[in-house]
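The structure appears below as structure tokens.
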Amino acid sequence: MSQIIHKNRNGCALHGALKVMGAIEGIVPIVHASAGCSIQSRLSENTLSGKNGKYFKGWRETSSTNLTEKHVVFGGTARLREQIKNTVKVLNGDLYIVVTGCVPEVVGDDLQAMVKEAQEQDFPVFGLGTPGFKSNIYKGYEIAVSGIIDNLDLFYRNSDQEQQNFVNILGIIPNQDLFWEGNLSALEHIFEIIGLQTNKLFGLGQGIKEWQAIKNAQLNIVVSPWGINIARHLQEKYNIPYIDFGWLPTGEKDTSDLLRLVADKLGINNSEILIKIKKEEERLKYQLQKIAEHYYKYDFQKEAAIVGETSIATGIARFLKYTFGLIVKNVVITDNPGEEVQKHIIESLNEDTGTFTKVSFLDNGNEIDNLLLKSKPELILGSSLEQSVAKALCIPLLKISSPVYERIVLTRNYTGYNGAVTLIEDISEQILNTLQPEKLKKDYFKTLQFNSTNQVRLVSIN
Amino acid sequence: MDFYKHKTAPIREKRLSTVSAYYGDTDTLLKEYKSGSVNQRIRTFSQDIYSDIQYALQLINTIKDIAIVVHGPSGCSVSRLYFDLAFDDSVKWAVTNLNERDSIMGSDSKLREAIRQVFKAYSPKLIFVITTPVVAINNDDVESVVDELKEEYNIPIIPVFTDGFRSKTGVSGYDVVLHALIKNLLPEKGVDSLSKGNFINLISVSENFNDIKELVRLLNEIGLQVNILPRFSGLENFTKTKDALFSVSVNPDEAQYPGIAIAERYGFHYLQLPIPVGIKNTSFWFTEIAKVLNLEAEAEKIITEETYHLGKYLDNKKFEGKKVFINLPPAYAFGIIDFLEDIGFEISAIKMPYIDIQHLEQLEILASHKTKIPILIGEGQVFEEVNIINQLKPELYISSKADNIIAIKEGIPVIDIETLPVLGYKGVYNLIDKIEKKLYNPSFSHYLSTNNDEVYSVNWLQKKGNWYIKQEVK
């Protein structure tokens, strides 16, 4: 039995698929579902993922069959036929993908027959089953990405099979990863250091061509548990090797590790590259040295709890623990990775024998809240859902994972060497904001004087 | 209304002949309504729309001391995140997270467990159970689980039978919640009904906080207290309902269903008035309420003062001939159109999510205009809007719920009233202030409009806007 989830932060398979399709130029999803299904995704996406929602090439509104009672009783297959036929007339696109919600799945609509009809008319259309009661948003990402890779050939032939000097990035889910666009640019920048091009697949300028080029990559880089199956699939189908890095690298340790791994795998590990990596490391150290004085003066060494998906929480936790010296007491991973991945995350957050980092795998908001309340951290990195706990504990919260309401994220990211600098800037602001201003302290003593005739009460200042 | 004997509210199409797809002139629509058989139209191409579930969640979100159980697959609950974080994070909630097995084997044990968990974890005074399409299709037994636990926990547990597909218009979701509230929370007529309080029931369903504050301010000025429900209400507001002098609507489209039910149950008056937006409508709303209580003179004094200041404020403002596109729910749309025309605006077109039999009078006024105003009925459906805006070139666009990206893309400044209080006299200042700013400096929308938008096909943009709206074949 699947568990009841309080304050559920993760959408369903349909939402995962829509997030993928909303970030690729020229791809037009056709939602075959009852009203509300794609709005659920839109509401949680446009306002709650850094507000950089589905704006791609202008479309936020999605083609949708909006099934009504009639279709529930008599079937919605004919309605879908009509919607496909008209979508290709109204919306410009290179590839149209029908995705299904729960209703047509329960009713038993014949998705594939309708798609086949459209293909016979030479329309670039295919269909994917993405009902929410079958799988979650992360699976939805997998279904959509593999679906596009596997079906693209039906409509766009690519004779060029030459391997080229670039890597594909797998595992970043646009708008579930709050910083997806910035993260992709950061990775692009990192690989430039060792002379590699990056196929980002999502965002500005990423369309059918980039997706066709996937099979010509030298290597796939996997940065979350949700890219592994796709990487394995690509290895089997096109013989492309992959590196499963597991998460997004933040700071010197992980970023340099990733670069060396990639360079090794591609046989470009020469002294020139090592010098370049060294130079980046020195630049990061230079920046962090600048804040040393404040680090000690204002005691930045907080006990921290980090809440988020594997890809964002693990890398940040490692940087904060192994480089920045925070006491990372708790890491809560919210995307339910498999057992093997869980073990790996626990190990990589407890590499030294020093402070123990407790890693929990939870998506239940109530359990997360209780865990945080009990462990009483001094700093939380998480989503807006952790706000109530941060308020109760009177501690700063830096928002790093979906859903986030109060923050606009356009190109910001915490990935690589530069990302680590941005992260420290943001954390410092949060910590400094909570310092007690001198003025308030004066007021406190004033109060004491006034009360001096009475029994002096000790008031704690936070 | 004997609706309340039934499990849930009738859909708007049946109750009010609501239409949610139409594009054309007001005359045709009016003629159809008058003939007594309005044609239901459907779209053969459509874009995504809200379902009753989102409307229901929006309303429930403002009720105090509650917990919500969304009974369905996990995805059905994520719009809760929006209401949670954008409006009020004190509402506790969980989703039953139904999977394939549950949908085959039945889900009542999970519902029981979810209710038990939220009750134990949060001790709410009230629990809502929101049902979803999968539960509705499988006809899962929600009522008996609810009845059993209601008794055990001794708090109201209210099933809200939303299903995502019964009605073509999402606003039915309000009725579904209102129906459930009346059925479960309104006490039967008691013997103590003679103990009238000095207050009225102000029926608010979707208004924002500052709008209600302004209306309460006006009523307080003439010494009248209000019992606001169901928005921003708690259990005590429902208990108090029966002791009111009478009930008044804020938005008549939304207040009618509960307004009549309350009136019938307790045998007092339900005063349904146009929404108090703009000077004329606000004064009318205020006067009509005062009249019932013989407080006309007191109200008149306040109206004179308020309108004097407003008159001075509006004195030097010039909006003559400015073209505006209105995209609002009907009550707001008609009210704002009335006001904007009074201060010189020209209405280039109107879009509303729905229209129904309650709007014939306003339709008639529009139909009597010298220039015919096109009217588009449908929630979302931006493709039709783009088609129309392309041809009409308005200078200002007023909407709510942020359906407005397309106007930004066309270089037209946008006013979004979802969070802008526009009711009462204060609302007039707010609205005029925003209008002036938008017209004074539209540089951001102009800047964005240079962005070439290639979403819609040229072929479509050259077609007539009602191409995909067809008569429904039964």
Restricting attention to the alpha-carbon atoms of chain B, what are Rg (one decimal) and Dmax (integer), both in Å?
-> 23.1, 69
Quick one: what does P(r) look like for chain A with 20 Å bins over all Cα pairs, in whole %?
-> 23, 51, 21, 4, 0
About the Cα centre, charge dipole magnitude for the range B:317-471 (Lys/Arg +1, Asp/Glu -1 at Cβ), debye | 320 debye
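Pairs A:139/A:278; B:409/B:434; A:209/B:464; A:19/B:409; A:139/A:376; B:189/B:280: which are spaced more than 27 Å apart, C-alpha to C-alpha? Mind showing how you got there, number by number?
Numbers: A:139/A:278 38 Å; B:409/B:434 19 Å; A:209/B:464 34 Å; A:19/B:409 22 Å; A:139/A:376 33 Å; B:189/B:280 37 Å.
Flagged as over cut-off: A:139/A:278; A:209/B:464; A:139/A:376; B:189/B:280.
To the nearest whole number, what is the average tally of beta carbon atoms from other chains within 10 Å of the beta carbons of peptide B:51-58? Display every interim value, and only then the final one.
Numbers: counts 8, 2, 6, 5, 1, 0, 1, 0.
Per-residue shielding by partner chains comes out at 3.
Between Rg and the Kirkwood Rh of the range B:338-386, both from Cα atoms, what is the Rg to Rh ratio?
Rg divided by Rh gives 0.98.
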Counting only residues 5 or more apart in sequence or on a different chain, those whose built amide H sits under 5 Å from that of residue B:228 are B:202
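Please compute the average number of Cβ atoms from other chains found within 10 Å of each residue's Cβ in peptide B:461-472. Intermediate values should be presented prior to the final figure.
On the way: counts 1, 0, 2, 0, 0, 0, 3, 4, 0, 1, 0, 1.
Shielding by partners across B:461-472 averages 1.
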In a Debye calculation with equal point scatterers on the alpha-carbon sites of the range A:287-433 and no solvent, what is log10 I(q)/I(0) at q = 0.14, 0.15, 0.21 Å⁻¹?
-> -0.63, -0.73, -1.51
Excluding residues fewer than 8 places away in the same chain, name every one of the aspartates and glutamates whose C-alpha is closer than 17 Å to that of residue A:265.
-> A:192, A:244, A:254, A:257
Percent relative contact order of chain A, based on C-alpha pairs within less than 8 angstrom and at least six residues apart?
-> 17 percent
Kirkwood estimate for the protein assembly as shown, i.e. one over the average of 1/r between Cα atoms, Å | 29.9 Å
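Only counting other Cβ atoms within 10 Å, I'd like A:352, B:342 sorted with the fewest neighbours first.
Values: A:352 8, B:342 13.
Placing the least packed residue first, the sequence is A:352, B:342.
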Between rounded, prolate and oblate, where does the range A:169-236 land on the alpha carbon gyration tensor, with a ≥ b ≥ c its root eigenvalues, rounded for a/c under 1.5, else prolate if a/b exceeds b/c?
-> rounded
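Work out how much length residue B:342 to residue B:44 would gain on full extension: take 0.36 nm times their residue separation and subtract the Cα-Cα distance, in nm to one decimal.
Values: separation 298, 0.36 × 298 = 107.28 nm, distance 3.81 nm.
Fully extending the segment from residue B:342 to residue B:44 adds 103.5 nm.
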Which of the aspartates and glutamates could be linked to residue A:358 by a straight reach, that is with a Cα gap under 18 Å, when you skip same-chain ones fewer than 8 residues away?
-> A:303, A:309, A:335, A:339, A:340, A:347, A:367, A:369, A:378, A:386
For residue B:463, the aspartates and glutamates lying under 14 Å Cα to Cα, once residues fewer than eight places off in the same chain are dropped, come out as B:384, B:385
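Please give me the summed charge of the neighbours of residue A:86: other residues whose Cβ is under 14 Å from its Cβ, Lys and Arg +1, Asp and Glu -1. Spell out each step's value before the answer.
Details: positive: A:79, A:81, A:85, A:89, B:43, B:463, B:470; negative: A:82, A:117, B:384.
It works out to a net charge of +4.
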Listed with the fewest Cβ neighbours within 10 Å leading, B:293, B:81, A:320, A:18 appear as B:293, A:320, B:81, A:18
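Take the Cβ-Cβ distance between residue A:303 and residue B:260 as r, set R0 to 51 Å, and report the resulting FRET efficiency rounded to the nearest 0.05. Could you put the intermediate results ahead of the total?
Details: r = 58 Å, r/R0 = 1.14.
Given R0 = 51 Å and the Cβ-Cβ separation, E is 0.30.
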Using the Cβ atoms and a cut-off under 9 Å, what net charge is assigned to the surroundings of residue A:388, where Lys and Arg are +1 and Asp and Glu are -1?
-> -2
Can you tell me the dipole magnitude for the protein assembly as shown around its Cα centre, using point charges on the Cβ only (Lys, Arg +1; Asp, Glu -1), in Debye to the nearest 20?
-> 800 debye
Can you tell which of B:149, B:165, B:86 lies farthest toward the positive end of the dipole of the range B:78-198, using +1 and -1 charges on the Cβ of basic and acidic side chains (Lys, Arg; Asp, Glu)?
-> B:86
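Compute the Cα gyration tensor for the range B:317-471, then decide on rounded, prolate or oblate, letting a ≥ b ≥ c be the square roots of its eigenvalues: rounded whenever a/c is under 1.5, prolate when a/b is larger than b/c in the other cases, and oblate in all that remain.
oblate
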So how far, in whole Å, is the C-alpha centre of the range B:175-251 from the one of the range A:318-379?
-> 48 Å
Efficiency of FRET between residue A:355 and residue A:119 - r from beta-carbon atoms, R0 56 angstrom, step 0.05 | 0.45
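Of the beta bridges DSSP finds with both residues in the protein assembly as shown, what % are antiparallel, to the nearest 5?
Working: 13 of 95 bridges.
Bridges in the protein assembly as shown that DSSP calls antiparallel: roughly 15 percent.
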Using the Karplus curve 6.51 cos²θ - 1.76 cosθ + 1.60 with θ = phi - 60°, work out ³J(HN,Hα) for each residue of the range A:73-83 in order, rounded to whole Hz, and write x for Gly and Pro.
-> 7, 9, x, x, 4, 5, 4, 5, 4, 4, 5
Counting helices only, and only those DSSP H runs with n ≥ 4, report the 222 nm mean residue ellipticity of the protein assembly as shown as the sum of -39,500 (n - 2.57) divided by its residues, in deg cm²/dmol to the nearest 500.
-> -14000 deg cm²/dmol
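Subtracting the Cα-Cα distance from 0.36 nm times the residue separation, let me have the gained length for residue B:25 to residue B:292 in nm, one decimal.
Values: separation 267, 0.36 × 267 = 96.12 nm, distance 3.79 nm.
Between residue B:25 and residue B:292, full extension yields an extra 92.3 nm.
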Residue among A:231, B:282, A:218 farthest towards the positive dipole end of the protein assembly as shown, charges placed on Cβ = B:282
Ranked packing of A:396-403, A:90-97, A:227-234, A:190-197, most packed first, by mean Cβ within 10 Å = A:396-403, A:90-97, A:227-234, A:190-197
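Just add up the charged neighbours of residue B:266: K/R +1, D/E -1, any other residue whose Cβ is under 9 Å from the Cβ of residue B:266.
Values: positive: B:189, B:242, B:265; negative: B:243, B:264.
Charge balance near residue B:266 sits at +1.
Report relative contact order for chain B in percent, whole number only (criteria: Cα-Cα under 8 Å, sequence separation at least 6). Mind dumping the intermediate values first?
Working: 835 pairs, mean separation 87.8, N = 474.
19 percent.
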Determine ³J(HN,Hα), in whole Hz, for all residues of the range B:208-218 in sequence, where each value follows from phi through the Karplus function 6.51 cos²θ - 1.76 cosθ + 1.60 and θ = phi - 60°; x replaces Gly and Pro.
-> 8, 4, 5, 4, 5, 4, 5, 5, 5, 4, 4
The range B:425-474 shape via C-alpha gyration tensor axes, a/c threshold 1.5 = oblate
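Just want to confirm a number: the relative contact order over the range A:166-282, from Cα pairs under 8 angstrom separated by 6+ residues, in percent. Spell out each step's value before the answer.
Details: 143 pairs, mean separation 32.0, N = 117.
Once normalised by length, the contact order is 27 percent.
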For the range B:5-111, with equal point scatterers placed on the C-alpha atoms only and solvent neglected, what are the log10 I(q)/I(0) values from the Debye formula at q = 0.12, 0.15 1/Å, to two decimals?
-> -0.67, -0.89
Return the long-range amide H neighbours of residue A:98 (sequence gap of 5 or more, or a different chain), with a cut-off of under 5 Å between placed amide H atoms.
-> A:30, A:126, A:127, A:128
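Over all distinct alpha-carbon pairs, what is the Kirkwood Rh of the range B:199-305 in angstrom? Walk me through the intermediate numbers first.
Details: mean 1/r = 0.0727 Å⁻¹.
Mean inverse Cα-Cα distance, inverted, gives 13.8 Å.
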Reduced Cα scattering model of the range B:135-245, Debye log10 I(q)/I(0), q = 0.22 Å⁻¹ | -1.24
Report the label-to-label distance for residue A:276 and residue B:459 in nanometres (one decimal), using points 7 Å from each Cα along the Cα→Cβ vector.
-> 4.7 nm
Test item: A:121-133 mean partner chain Cβ contacts at 10 Å | 3
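Values quoted throughout were computed directly from the atomic coordinates according to the rules given, and no laboratory measurement underlies them. Every value quoted in this text rests on a predicted model; they were computed, and no experiment measured them. All Cβ positions, glycine included, derive from the backbone under ideal geometry; neighbour counts span all protein chains shown.
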